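Visitor: Just passing along the structure, written as structure tokens.
Nothing in this text is a laboratory measurement; each read-out follows from the coordinates by a stated rule. Remember, predicted model here, so these are calculated numbers, not experimental data. Note: ideal-geometry Cβ built from the backbone for every residue, glycine included; neighbour counts use all protein chains shown.
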Amino acid sequence: MKQPYLICQASSLCISLLALCCLVSCSRSSDHHEVDMQIHRVYFKVSGFESQIAPLAGLLPGISKPGNIAWPADRYGAFWRTQEQYLYYWSFNDSSLAPDIALNAGAAIICNQGQASTSFATGFAKDSFPAGLSLSIRGLESVVIQMPLQKVGAITSFGFDISSSNTGPKDFAILYSNDDGASYHTLSDSNPFLNMGSQARNSFSFRLDTLPLDLHRSLYIKFLPKAGDRTQVSDYNPATGITRLDNVYLSGIADSTPAFAYQKLDYFIFRESDSLLFAHGSFDLAQQNPEFQLSLPSGRYLAHLVASFSQQPLIWSDTIVPASQHFLALQPADYLAAVYGFADTFSVYGDQVIQAVLKRYYSQIQFQFTDAQGLEQINRIVVEPLHPVWWFAPFNPQLAQPPAVNNLEGQTFELAFDPSTKGFTFHQFLGNVAQPVLLRYRIYLYGKPGLLRQFEVSQAIVNNVKLTFKGRALGYGTNFGILLDEQWQSEQESDF
């Protein structure tokens with residue numbers, strides 16, 4: 001009768017030993033877990049989108065050609081508009097007197113009171129503007145540059161590059177007016193060329209920050225040529241001498257009034273282990289630098305950072321969904337919104353700095369009209385996207401269209417039209433796509449009588465591209481040309 005008792009005792013002992021082993025094992029597991037859960041400071045240093053804003057807003061230095069029509073220099077964030085930037089800039093590389101950068105509509109260059117024989121010739125490179133074309137005037141008598149000062153916070157300088165033929169001017173006077181040209185004041189009476197060779201480059205810059213200017217009115221700059229020193233060149237011939245102007249600019253600080261209702265940086269940090277959202281937040285880019293710090297436990301994470309400048313809130317997935325269902329979309333009517341993003345995985349095993357370089361999540365769509373006349377008939381333009389509304393799921397490219405995006409289908413947007421710009425521009429949100437996606441638009445041109453014309457264009461592109469459709473607005477039976485700009489990621493132009 002003792003044997004069952006011994007067996008029972010042995011069994012109890014085994015169970016006790018097993019329990020002890022489990023306790024020790026659990027204790028070790030707990031210690032290991034505590035090591036993994038140590039908290040570390042992770043500093044996110046955000047960059048990329050400031051430099052990508054600069055080509056659009058004209059920040060100094062390091063400007064690059066925005067390449068659109070009269071692009072407003074005050075679009076992106078009060079934080080950047082507190083820096084000096086190009087308020088107006090003419091590169092003439094598009095064989096046009098329209099400015100590359102313009103804070104306001106209404107800027108103009110008038111040569112010889114509008115009677116000059118002007119053309120375009122080889123120009124000079126400046127900053128990121130290539131050495132494309134320059135404005136060439138035969139028999140120059142005067143140049144007046146008109147620049148409205150609305151939305152200007154401060155003016156710092158005016159400058160340009162100038163060259164001339166052997167019989168052209170080698171000196172000039174420069175004056176300014178702040179009363180619509182009714183009276184002019186001398187800024188500098190004599191400005192002799194340093195380089196006297198035929199069409200040799202001479203660069204001039206004039207400080208304007210001490211002038212008593214009324215920023216509610218326009219600034220007129222007048223250029224008057226002079227013979228200058230002729231010891232090294234031919235006699236001055238004011239009738240046939242050729243003068244070239246290039247890289248004409250007005251620099252300053254734009255008004256700090258926000259151009260967009262929403263200027264935000266949003267961040268989403270997901271745990272890689274279970275794909276659930278661990279940290280999320282946002283802050284106002286008009287008030288705060290694009291850098292922040294988080295306290296994160298050891299482990300691996302997925303990060304999505306988005307900087308956006310928009311008139312309407314961005315459309316996000318719910319914060320309770322895993323990373324595979326996380327997405328971002330825009331309202332189609334927010335056609336000038338600029339969105340930049342960064343999506344990647346990272347590991348945390350100590351205090352560290354993460355360099356998050358944001359990339360454009362959109363492409364710029366531009367229409368250039370080549371009509372010699374008749375554009376004043378157009379007073380508004382309606383754009384109807386014929387492609388699906390795009391959304392971006394950074395951690396799941398195969399995500400099916402979310403219901404929130406499906407509700408946006410079929411929307412159009414309307415743009416005012418200024419005939420002097422000979423075109424219009426808008427942004428197409430795409431996210432960060434690996435392969436080109438097909439974009440299709442139906443364009444409606446309206447005037448006082450009603451609909452003047454409608455046409456369709458299409459092209460497959462990726463994000464970070466400047467796509468230009470070029471052709472006649474009121475012509476029929478013609479195709480738009482296409483241009484893709486590689487200065488972004490690429491540029492494509494198409495005739496229409």
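Visitor: How many angstrom lie between the Cα centre of region 111-133 and the Cα centre of region 385-431?
Guide: Cα centroid to Cα centroid, the span is 36 Å.
Visitor: So, one more: Mind listing the phi-derived Karplus ³J(HN,Hα) values for region 221-236, rounded to whole Hz, using 6.51, -1.76 and 1.60 with θ = phi - 60°, and x for any glycine or proline?
Guide: Per residue, the Karplus-derived 3J(HN,Hα) values read 10, 10, 10, 10, x, 9, 4, x, 6, 10, 5, 9, 9, 5, 4, 6 Hz.
Visitor: Hey, fewest Cβ within 10 Å first, where do ASP318, ASP171 land in order?
Guide: By the 10 Å Cβ count, ascending, the order reads ASP318, ASP171.
Visitor: A further question on this structure: SER295 versus SER183, label points 7 Å from Cα toward the beta carbon: distance in nm?
Guide: Each label point lies 7 Å from its Cα, and together they span 6.6 nm.
Visitor: Right, next: Please label the shape of region 83-254 as rounded, prolate or oblate, based on the square roots a ≥ b ≥ c of the eigenvalues of the alpha-carbon gyration tensor (a/c under 1.5 means rounded; beyond that, a/b larger than b/c means prolate, else oblate).
Guide: Since a/c reaches 1.5 and a/b is larger than b/c, the shape of region 83-254 is classed as prolate.
Visitor: On to the next question. Per residue of region 274-279, what does 6.51 cos²θ - 1.76 cosθ + 1.60 with θ = phi - 60° give for ³J(HN,Hα)? Whole Hz please, x for Gly and Pro, Karplus curve as stated.
Guide: 10, 6, 8, 5, 9, 8
Visitor: Oh, and also: For region 362-495, how big is the tail of P(r) above 21 Å, as a whole percent of Cα pairs?
Guide: 43
Visitor: In addition: Between HIS387 and THR156, what is the label-to-label distance in nm when each label sits 7 Å out along the Cα-to-Cβ direction?
Guide: Label at HIS387, label at THR156, 3.8 nm between them.
Visitor: In addition: Could you line up ARG244, ARG380, ARG453 from fewest to most neighbouring Cβ atoms inside 10 Å?
Guide: Going from sparsest to densest Cβ surroundings: ARG380, ARG453, ARG244.
Visitor: Okay, next question. Which whole-number percent gives the relative contact order of region 83-254, counting Cα pairs below 8 Å spaced six or more residues apart?
Guide: Normalised by residue count, the contact order of region 83-254 is 35 percent.
Visitor: Another one. Among VAL42, VAL321, which comes first, then next, by fewest other beta-carbon atoms within 10 Å?
Guide: VAL321, VAL42
Visitor: So which of LYS151/LYS422; LYS222/LYS466; LYS264/LYS466; LYS170/LYS470 end up more than 27 Å apart by C-alpha?
Guide: Table pairs above 27 Å Cα-Cα are LYS222/LYS466; LYS170/LYS470.
Visitor: Applying 1/(1 + (r/R0)^6) with R0 = 45 Å to the Cβ-Cβ distance of LEU97 and PHE283, what FRET efficiency is obtained, to the nearest 0.05?
Guide: 0.60
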